[in-house]
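The values are calculated or read from the model by the stated rules, or taken from the named source; none is laboratory data. What you see is a predicted model, and the numbers here were worked out from it, not measured in a lab. Cβ: placed from backbone, ideal geometry, glycine included. Neighbour counts: every protein chain shown. Quick note on the areas: whole protein, heavy atoms, side chains included, nothing else; ligands and nucleic acids left out. Shrake-Rupley method; radii C 1.70, N 1.55, O 1.52, S 1.80 Å.
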Amino acid sequence: MTHFLVFTDTLSEGYIILVTGLIIVFSGLLLLTVFFKYGLPIMLYVYKIITKGRDKKVKEISPRVNKEFTGEIAAAISVAIHMYLDERHDKENAILTIKQARKLYSPWSSKIYGVYNNRF
Amino acid sequence: MKKVILIFLVLSLLIFIRPVLGFNSNISDTITPTSLNITDTISEGGFVSEAINGIKQFYHYTGFANAESGNIIMILIGIIFIYLGIKFDYEPLLLIPIGVGVIIGNIPFVAGNQTGIYETGSVLNYLYFGVVKGIYPPLIFLGIGAMTDFSSLIANPKLMLLGAAAQIGVFATFLGALYLGFSLPEAGAIGIIGGADGPTAIFLSSKLANGINILADGTTVKNLIGPIAIAAYSYMALVPVIQPPIMKLLTSKKERLIRMKPPRAVTQKEKMIFPVVALLFTTFISPSSLPLLGMLFFGNLLKESGRTERLADTARTKLIDIVTILLGVTVGASTQADVFITKDSMMIFGLGAISFVIATAGGLLFAKFMNLFLKGDNKLNPLIGAAGVSAVPDSARVVHAEGLKADPHNYLLMHAMAPNVAGVIGSAIAAGIILSFLG
């Protein structure tokens, strides 16, 4: 086989990979899309039926119960909680003071303990 | 800029002082002295000449004697990376470790003392092992999974297709690399730069273009991990520069003003089901991407289950930080000039830039295409298509900023996060497909 032939082979294989690859990526994510669009609500519905009995209406159980409460509101609330719990830097006291924390005299720094070698 | 020039001047002064001192004359003679030679000269020469000889010998082991122009260029590039990271805040968590790594990897040294990253037994070589064997990328994905909130994607599943559309950059680059004469595995590894996902790029190149595998025609593949990783990370850092012009070019002012309705709230149950189902679907379709997607969704389940907060917390903070440090430094250090500065690297950089452009354009155009079928307030703002090139979360931020430029009250960040995380899944699937074809 000549080098030229190898080269064209590579390219044609490249095209095959290009097309199949794109199709697989698309179909994979399409499958996920379809599942989360239709499959998941049905699954949740079935789950509700199993656990809560059949007396619930479909509308009540669908994940879109509350149209008013959108993801944006959820994000705003979670940001507020996050800021409150973790990011409260601005409430720190800006005034720095140096307090005399330790005692001036302590047995650890005392010279006299060094003198008493016979203590133990 | 002034500082860079100053550093450059100092470095060039140190290099050019070498011929002035006359140390260049007979490197090859003295660079391989045996112990016998040394004892001979000790008995012959005087003290002063001995000292000078010793200094000369020491000098031949220093970086100044062994420096080549390639090393200097790469060190400058490393400094530029650090500068970009600090000054412009372009992904500093990546650019600064990589920049330092580039400097570390290009300090000139005498080969054979277990110093360099490519010498077996050196410490850097051991750390680099995690890159060569593709250990670090799945660990990074674990952390990313524990950080990522998929709720905007669950709320609007059709945005997942935008993440798929942007993968056209991967396959287009793959084809471009084939045209430029790279072999199939090498082209596959180069193509994944278009996925705009550093860990995925490293994972795939460590499997395909690692310099170990043997090709069908008997030759060994080139080791392209360094150039591919550097290209992927530097273009990811440059997303705020690359994407806006393409966005402006491909969308009209009217389209940029489209307001999308806020995503619905997502229940915890859905969030818990998502990682399990997505893991099953994606890995059944493309089992080769199991290390990446398995860890990604595992991390996400740790986060969403609500019972493993400790594990999720470790995965998204300490663990990913440790791995990022090791990965950044070793990938940077793998750019040792004699391995890195080649024609191939230049071509990879060119292809990488093109792949980002194609991926962005693919996402934007596919969003416009989807708009043909959508009505009313379901219409998409085509800008979010650009976020389909993973590069989490930078490209989503860029989309948000561009949206704000068109309309100061149009907040696209939440919407853009959906194609953004879908892009991560998409590029991992694409990597798995390429791996299963060529691995």
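Scanning the range B:47-86 for residues being open to solvent by 30 Å² or more (accessible area, probe 1.4 Å) and either assigned by TED's automatic domain parsing to the domain that holds residue B:237 or among the polar types (S, T, N, Q) (or both) gives a total of 5. Selection of the range B:383-410 for residues being within 30 Å of residue B:231 (Cβ to Cβ) and touching a Gly at 6+ places or on another chain (Cβ under 9 Å) yields B:383, B:384, B:385, B:386, B:387, B:388, B:389, B:390, B:391, B:392, B:395, B:399.
Table: residues versus (1) out of contact with any Cys (no Cβ under 9 Å at 6 or more places or on another chain); (2) surrounded by 19 or more Cβ atoms within 10 Å (Cβ to Cβ); (3) within 12 Å of chain A (Cβ to nearest Cβ); (4) not in a loop (DSSP other than H, G, I, E, B).
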residue	(1), (2), (3), (4)
B:368	yes, no, no, yes
B:377	yes, no, no, yes
B:411	yes, no, yes, no
B:418	yes, yes, yes, yes
B:424	yes, yes, yes, yes
B:429	yes, yes, yes, yes
B:435	yes, yes, yes, yes
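From the list B:392, B:399, pick out the single residue that is farther than 30 Å from residue B:212 by Cβ, away from chain A (no Cβ under 14 Å) and assigned to a loop (DSSP other than H, G, I, E, B). Steps first, please.
Values: B:399 fails: assigned to a loop (DSSP other than H, G, I, E, B).
Only one candidate qualifies: B:392.
Scanning the range B:87-109 for residues that are of a type outside the set (Phe, Trp, Tyr), more than 21 Å from residue B:229 (Cβ to Cβ) and open to solvent by less than 60 Å² (accessible area, probe 1.4 Å) turns up just one, B:108.
Only residues that are assigned to a helix (DSSP H, G or I) and either closer than 23 Å to residue B:364 by Cβ or more than 10 Å from every other protein chain (Cβ to nearest Cβ) (or both) were counted in the range B:144-160, giving 11. Residues that are assigned to a helix (DSSP H, G or I) and surrounded by 23 or more Cβ atoms within 10 Å (Cβ to Cβ) within the range B:276-292 comprise B:278, B:282, B:289, B:292, listed in sequence order. Residue B:314 - would you say it is open to solvent by 30 Å² or more (accessible area, probe 1.4 Å) and under 24 Å from the mean Cα position of the chain (by Cα)? It is true that residue B:314 is open to solvent by 30 Å² or more (accessible area, probe 1.4 Å) and under 24 Å from the mean Cα position of the chain (by Cα).
Could you check, for the range B:221-228, whether at least one of its residues is within 13 Å of chain A (Cβ to nearest Cβ), surrounded by fewer than 21 Cβ atoms within 10 Å (Cβ to Cβ) and at pLDDT below 90? Within the range B:221-228, not a single residue is within 13 Å of chain A (Cβ to nearest Cβ), surrounded by fewer than 21 Cβ atoms within 10 Å (Cβ to Cβ) and at pLDDT below 90. Restricting the first member to the range B:59-70 and to residues that are within 11 Å of residue B:106 (Cβ to Cβ), and the second to residues that are open to solvent by 30 Å² or more (accessible area, probe 1.4 Å) and assigned to a helix (DSSP H, G or I), the beta-carbon pairs closer than 7 Å and six or more apart or on different chains are B:67/B:15; B:70/B:338. Kindly check whether there is at least one residue in the range B:324-342 that is under 25 Å from residue B:151 (Cβ atoms), open to solvent by less than 60 Å² (accessible area, probe 1.4 Å) and hydrophobic (A, V, I, L, M, F, W, C). Checked the range B:324-342: no residue is under 25 Å from residue B:151 (Cβ atoms), open to solvent by less than 60 Å² (accessible area, probe 1.4 Å) and hydrophobic (A, V, I, L, M, F, W, C). When we screen A:70, A:33, A:10 for residues that are touching a Lys or Arg at 6+ places or on another chain (Cβ under 9 Å), modelled with pLDDT under 85, open to solvent by less than 90 Å² (accessible area, probe 1.4 Å) and at the interface with chain B (Cβ under 7 Å from one of its Cβ atoms), the only hit is A:70.
Suppose we keep only residues that are farther than 30 Å from residue B:149 by Cβ and modelled with pLDDT of 70 or more within the range A:76-105. Which one would you say is least open to solvent (accessible area, probe 1.4 Å)? Break it down stepwise before answering.
If we filter the range A:76-105 for residues that are farther than 30 Å from residue B:149 by Cβ, which is where we start, we get A:93-105.
From what is left, the residues that are modelled with pLDDT of 70 or more are A:95-99.
Details: A:95: 126, A:96: 161, A:97: 99, A:98: 171, A:99: 168 Å².
Among residues in the range A:76-105 that are farther than 30 Å from residue B:149 by Cβ and modelled with pLDDT of 70 or more, the one least open to solvent (accessible area, probe 1.4 Å) is A:97.
Residues in the range B:322-365 that are without any contact (Cβ under 8 Å) to a residue 60 or more places away in the chain and more than 18 Å from residue B:221 (Cα to Cα): B:322, B:350. Residue B:92 fulfils the conditions (1) without any contact (Cβ under 8 Å) to a residue 24 or more places away in the chain; (2) more than 15 Å from the chain's Cα centre (by Cα) except for a single criterion, (2). Residues in the range B:385-397 that are of a type outside the set (Gly, Ala, Ser) and crowded, with 24+ Cβ neighbours inside 10 Å: B:389 alone. When each of B:117, B:104 is tested for being more than 9 Å from chain A (Cβ to nearest Cβ), modelled with pLDDT under 90 and touching a helix residue (DSSP H, G or I) at 6+ places or on another chain (Cβ under 6 Å), the lone residue that passes is B:117.
Could we say that residue B:295 is open to solvent by 50 Å² or more (accessible area, probe 1.4 Å) and touching a Leu at 6+ places or on another chain (Cβ under 6 Å) here?
Values: open to solvent by 50 Å² or more (accessible area, probe 1.4 Å): yes; touching a Leu at 6+ places or on another chain (Cβ under 6 Å): yes.
Considered against the rule, which asks whether it is open to solvent by 50 Å² or more (accessible area, probe 1.4 Å) and touching a Leu at 6+ places or on another chain (Cβ under 6 Å), residue B:295 comes out as yes.
The single residue among B:185, B:245, B:262 that is at negative phi, touching a residue at least 12 places away in the same chain (Cβ under 8 Å) and either part of a helix (DSSP H, G or I) or surrounded by 23 or more Cβ atoms within 10 Å (Cβ to Cβ) (or both) turns out to be B:185. Each residue in the range B:154-175 was checked for being more than 14 Å from residue B:360 (Cα to Cα), open to solvent by 10 Å² or more (accessible area, probe 1.4 Å) and touching a residue at least 40 places away in the same chain (Cβ under 8 Å), and 3 pass.
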